[in-house]
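Following: one structure in structure tokens, then a few remarks.
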Amino acid sequence: MSTSSLASGPEGPHALGPLLATVLDALTQGAGARGGPLPEGGPQTVAARLRTAVGDVLPENGDANALHTLVRAFAEGAADPAHPFCAAHLHCPPLAAATAADLAASTLNPSLDSWDQAPAASELESLVTRALAELTLPASTHPDALVTTGGTESNQLALLLAREAHPGTRLIHGANAHHSLPRAAWLLGMPDPVAVPAPTGTLDPTALDEALTHLPGPHLVAATAGTTDAGLIDPLQEIATLCARHHARLHIDAAYGGGLLFSDRHRAKLSGLDAAATITLDLHKLGWQPVAAGLLVVKNPHDLTALHHHADYLNADDDTEAGLPDLLGRSLRTTRRPDILKIAVTLKTLGRTGMGRLVDQVCERAEEFAELVDTHPAFELYDRPTISTVLFRPRTATDDKVAAIRRTLLTEGRAVLGRARLDGRLWLKVTLLNPHTRPDDLAALLNLVEGTTPR
């Protein structure tokens, strides 16, 4: 087989077969060499190990073993989100079906900036975005959704649509909001955003009411359904009532919590979502997709006219009049890979109940871990989880000791824990997104933290 064989076309499957076998063998060897959730040694050791394995990345002559060499080194030096002790971030282990679908997307390589580059992909995107918009806003007449690279792009688009609908709009967000929101306001040249207090980890409605009363409008209020630090959900119903009273536009960042929509047991936690003009979703968090898999749900499709753009080689007027779909208004990006395929395969394979079952499992594991912490005399629990994030800390440890515990586990490659500062103290953070984590894994993780805590 030639090293320059193509992945698509008549010979594509024949060329890919042995390469896939090589990749799978390299992944297995790399994971075996790593031996845990993270490579041991810390940044300098891991970097040196990778440099040694890779060698010259642009040699004069090619290396036929490059695929195996690099994938093995990549896997050995990776953080493995499927390991039960890799639980720091909103970093999910992707489903095998979604990953296989992503291979098909890469093989066919459509680009969703014109119909003639993505005939089937454009229609599939329309079907899936419509279905997810209706799941998110079932009472709305014609909701729509755009595919994005994740929560950051979705939040940026939400602010852009608000600015175009109401020039001069000022963002008001909780102190608990994701950093991408005020950053988007800066990027878009909007008035300086206002952060209202979130003393308990969620936006304070009284402070929001005061801000809406005294600040000149128009206003865009950004609420959060699933904070990055603790997985908390703002009081969406109260916030929606205040927005209606003050004629403010509402955006809800549900990049984390949006996955609860699939669950009959947990969907009610998102009550108030239907009041939002725009909603951020992110299926590479609580959706088990390979990165990237974000969406922005839009209640009023008319808002999307702000994204319309004309480039004659992609959406000429006569082509559009002749019936060729205009895709440029579906994103600020031009070239766009078909991330919708992996999402579609996942939804079709599992259905809403299957997705809901996975959501229920990780939320249940979080409850179990919180109970382990709460009943352990050596640990303090911040609070019961709202979604699947648990904050805890050794009772006798200082903030410096808490930080040192986390870095020790990272450097030794034994566990990947997050950190969050709430109530003026530093907490260890466990974010459970692996539905296959078992109760005994949770007990072992807590024992590992206890064994790393200085006496």
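Yes/no matrix, rows are residues, columns are (1) at pLDDT below 95; (2) farther than 30 Å from Pro435 by Cβ; (3) assigned to a helix (DSSP H, G or I):
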| position | (1), (2), (3) |
| --- | --- |
| Thr45 | no, yes, yes |
| Ala48 | no, yes, yes |
| Thr52 | no, yes, yes |
| Pro59 | no, yes, no |
| His68 | no, yes, yes |
| Arg72 | no, no, yes |
| Ala75 | no, no, yes |
| Ala78 | no, no, no |
| Pro81 | no, no, no |
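Here's the yes/no breakdown for (1) in contact (Cβ under 8 Å) with a residue 12 or more places away in the chain; (2) farther than 29 Å from Pro138 by Cα:
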site	(1), (2)
Leu286	yes, no
Gly294	yes, no
Gly351	no, no
Phe369	yes, yes
Pro377	yes, yes
Pro385	yes, no
Per the filter on segment 85-102, residues part of a helix (DSSP H, G or I) and either of a type in the set (Phe, Trp, Tyr) or surrounded by fewer than 17 Cβ atoms within 10 Å (Cβ to Cβ) (or both) are Ala96, Ala97, Thr99, Ala100
Taking segment 163-173 and the residues there that are under 21 Å from Tyr256 (Cβ atoms) and among the aliphatic types (A, V, I, L, M), the one that is surrounded by the fewest Cβ atoms within 10 Å (Cβ to Cβ) would be Ile172
Given (1) closer than 24 Å to His266 by Cα; (2) in contact (Cβ under 8 Å) with a residue 12 or more places away in the chain; (3) within 26 Å of the chain's Cα centre (by Cα), Leu445 misses just (1)
Is it the case that segment 96-111 has a residue that's without any contact (Cβ under 8 Å) to a residue 40 or more places away in the chain, of a type in the set (S, T, N, Q) and touching a Ser or Thr at 6+ places or on another chain (Cβ under 9 Å)?
-> no
Take the residues in segment 256-273 that are aliphatic (A, V, I, L, M) and more than 23 Å from Thr349 (Cβ to Cβ), then tell me which one is surrounded by the most Cβ atoms within 10 Å (Cβ to Cβ).
-> Leu273
What do you reckon, is Asp360 over 28 Å from the mean Cα position of the chain (by Cα) and either of a type in the set (S, T, N, Q) or in a helix (DSSP H, G or I) (or both)?
-> no
Among the numbered conditions (1) crowded, with 22+ Cβ neighbours inside 10 Å; (2) assigned to a helix (DSSP H, G or I); (3) among the polar types (S, T, N, Q), tell me where Thr228 comes up short.
-> (2)
May I ask you to list the residues in segment 9-37 that are assigned to a loop (DSSP other than H, G, I, E, B) and at pLDDT 95 or above?
-> Gly35, Gly36, Pro37
Does Phe85 satisfy the condition of being at pLDDT 95 or above, assigned by TED's automatic domain parsing to the domain that holds Pro39 and within 30 Å of Leu428 (Cα to Cα)?
-> no
What number of residues in segment 90-149 are more than 23 Å from Asp274 (Cα to Cα) and among the acidic types (Asp, Glu)?
-> 4
Which ones in segment 236-252 are touching a Leu at 6+ places or on another chain (Cβ under 7 Å) and either under 27 Å from Trp288 (Cα atoms) or part of a strand (DSSP E or B) (or both)?
-> Leu236, Arg249, His251, Ile252
Can you confirm whether segment 437-444 contains a residue that is outside the structural domain of His284 (by TED's automatic domain parsing), within 30 Å of Arg34 (Cα to Cα), assigned to a loop (DSSP other than H, G, I, E, B) and touching a helix residue (DSSP H, G or I) at 6+ places or on another chain (Cβ under 8 Å)?
-> yes
Restricting the first residue to segment 331-343 and requiring it to be free of Cβ contacts under 8 Å to residues at least 60 places away in the same chain and assigned to a loop (DSSP other than H, G, I, E, B), which pairs with a second residue that is basic (Lys, Arg) and surrounded by 15 or more Cβ atoms within 10 Å (Cβ to Cβ) meet a Cβ separation below 6 Å and a spacing of at least six or different chains?
-> none
Given the conditions (1) crowded, with 21+ Cβ neighbours inside 10 Å; (2) closer than 19 Å to Cys243 by Cα; (3) touching a helix residue (DSSP H, G or I) at 6+ places or on another chain (Cβ under 9 Å), every one holds for Asn176 apart from (3)
Quick one: which residue in Leu212, Leu181 is surrounded by fewer than 21 Cβ atoms within 10 Å (Cβ to Cβ), assigned to a helix (DSSP H, G or I) and touching a helix residue (DSSP H, G or I) at 6+ places or on another chain (Cβ under 6 Å)?
-> Leu212
In segment 138-150, is there at least one residue being without any contact (Cβ under 8 Å) to a residue 60 or more places away in the chain and in a loop (DSSP other than H, G, I, E, B)?
-> yes
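The values are calculated or read from the model by the stated rules, or taken from the named source; none is laboratory data. Just so it is clear, the structure is predicted and the values come from calculations on it, not from any experiment. Cβ: placed from backbone, ideal geometry, glycine included. Neighbour counts: every protein chain shown.
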